[in-house]
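The values are calculated or read from the model by the stated rules, or taken from the named source; none is laboratory data. Predicted model only: the values in this text are computed from it and were never measured. Virtual Cβ from ideal backbone geometry, glycine too; neighbours counted across all protein chains shown.
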Amino acid sequence: MESSKAASGVVVVTGAGGEMGHALVPWLLRCGKRVIAADLREPTSPWPEGVVAATGDVRDREFVGSLGTRFGEAPIEAVYHLAAVLSSAGERNPELAHEVNVMGSMHLLALAAERGTRERPPLFLLPSSIAVYGIADLEAKRLAGAVHEDEHCTSRTIYGLGKLAAEELGRYYASFYRQLDPQGPRHAVDFRSIRFPGILSADTVPSGGTSDYGPEMLHAAAKGEAYRCFVRPDSRIPFMTMPDAIRAIEGLATAHPARLSRRVYNVGAFAPSAAEIAAVVNRHFPGAEIAYEPHPARQAIVDSWPEDVVDHAARRDWGWSPCHDLDLAFSEYLVPRILARHTAATR
Ligand code: SER
């Protein structure tokens, strides 16, 4: 995406009210885009000029269809489909998770296909997840080490299965949509996806995820609250910071198509055990009270996710390189920003 104020493309962002949306929208505006910021909830504060808010549910096909006309007849240039029900929340309501994560993605793909042109298929960027992986047991997880995109795609969560389905639907719309038409298949979208690890943000604690023990541990310590971690101390999965996650989206979204050897990419940054996260939390917030009380079902989900991911393709194809390792995540981003917010609040 070129950084040109003259550009006037329309970009749809779903789940725009979430933290990822709040970071992406200003970037899109800086790139000269007009943005339709769709979310289930009304915006808590007004969006800047250039953004039209749309409140509704991605399960509602009519609502999604109506997004295409918020800026008149202008074609949609890109869709960033961030809305999702995460892994723990999904297990509490699998049917809802399927409707949001799979049917919602289908509605957005159909919108992009309808509102793009044969010459310029819209970019469709889907954040996917390490939840697509499902390793049989702990011994297999240890043996697998860092996993490649095409290994162990046998998720045990409805969220992971939904993300896999959405990835495959994206591949279909990108290559085979309307394949029986006399003109042959339409390359209806330029589909790209990133499988994110757990994300650590200084500003928000996620809800409904199974990697949430990482951010929960940190934010409890920052507030001086005791925390009971729902996985064992030796549990290990990859994590990254929110600013790195945003950089990854920007990197893949702006990569030249000729450089992309695949549609779905792993991205890695650091892969600590729960105990290693607790140790860094303790270093920055001495006296943090962290106890372990594993929840069997959530533990089993984390045990089925890989210890780490192989992200060579992202590094080679579009120059992926995270800025934060575990130590820098805390010393340069999480702790200074949490403390600054705390100071501002107590002033
Ligand atoms: N953060 C997600 C979850 O825990 C995994 O990508 O559901």
Scanning for something more than 16 Å from the ligand (Cβ to nearest atom), out of contact with any Phe, Trp or Tyr (no Cβ under 9 Å at 6 or more places or on another chain) and under 22 Å from Arg298 (Cα atoms), does region 83-96 turn up at least one residue? yes
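Conditions tested, residue by residue: (1) within 15 Å of the ligand (Cβ to nearest atom); (2) more than 22 Å from Ala221 (Cβ to Cβ); (3) not in a loop (DSSP other than H, G, I, E, B).
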| site | (1), (2), (3) |
| --- | --- |
| Asp244 | yes, no, yes |
| Val281 | no, no, yes |
| Ala291 | no, no, yes |
| Arg298 | yes, no, yes |
| His324 | no, no, no |
| Asp327 | no, no, yes |
| Phe330 | no, no, yes |
| Leu339 | no, no, yes |
Search region 246-262 for residues that are touching a residue at least 12 places away in the same chain (Cβ under 8 Å) and pair each with any residue that is among the hydroxyl-bearing types (Ser, Thr, Tyr) when their beta-carbon atoms are under 9 Å apart and the residues are at least 6 apart or on different chains. Arg247/Ser321; Ala248/Tyr265; Ile249/Tyr80; Gly251/Ser321; Leu252/Ser193; Leu252/Tyr265; Ala253/Tyr80
Look at Ser207 and say whether it is within 16 Å of the ligand (Cβ to nearest atom), under 22 Å from Leu108 (Cα atoms) and touching a residue at least 12 places away in the same chain (Cβ under 8 Å). no
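Residues are listed down the side, and each one gets a yes or a no for (1) under 20 Å from Glu250 (Cβ atoms); (2) out of contact with any Ser or Thr (no Cβ under 9 Å at 6 or more places or on another chain); (3) buried (at least 20 other Cβ atoms within 10 Å of the Cβ):
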| residue | (1), (2), (3) |
| --- | --- |
| Asn282 | no, yes, no |
| Val302 | no, no, yes |
| Pro306 | no, yes, yes |
| Val309 | yes, yes, yes |
| Thr346 | no, yes, no |
Based on this model, can you work out whether Ala174 counts as within 22 Å of Arg59 (Cβ to Cβ) and away from the ligand (no atom under 16 Å from the Cβ)? no
Just to check your reading of the model, which residue among Phe230, Phe191 is of a type in the set (A, V, I, L, M, F, W, C), at pLDDT 95 or above and in contact with a Gly (Cβ under 7 Å, 6 or more places away or on another chain)? Phe191
Could you identify the single residue in Glu167, Glu99, Glu139 that is of a type in the set (Asp, Glu), touching a strand residue (DSSP E or B) at 6+ places or on another chain (Cβ under 9 Å) and at pLDDT 95 or above? Glu167
Of these, Arg192, Arg236, which one is closer than 26 Å to Arg142 by Cα and charged (D, E, K, R)? Arg236
Is it the case, given these coordinates, that Ala253 is buried (at least 21 other Cβ atoms within 10 Å of the Cβ) and either small (Gly, Ala, Ser) or in contact with a Gly (Cβ under 6 Å, 6 or more places away or on another chain) (or both)? yes
Of all the strands (runs of 3 or more DSSP E) wholly in region 149-231, which have at least 1 residues that are under 23 Å from the mean Cα position of the chain (by Cα) and of a type in the set (Val, Ile, Thr)? 190-196, 198-200
Residues that are assigned to a loop (DSSP other than H, G, I, E, B), away from the ligand (no atom under 16 Å from the Cβ) and farther than 24 Å from Pro322 by Cα: does region 132-146 have at least one? yes
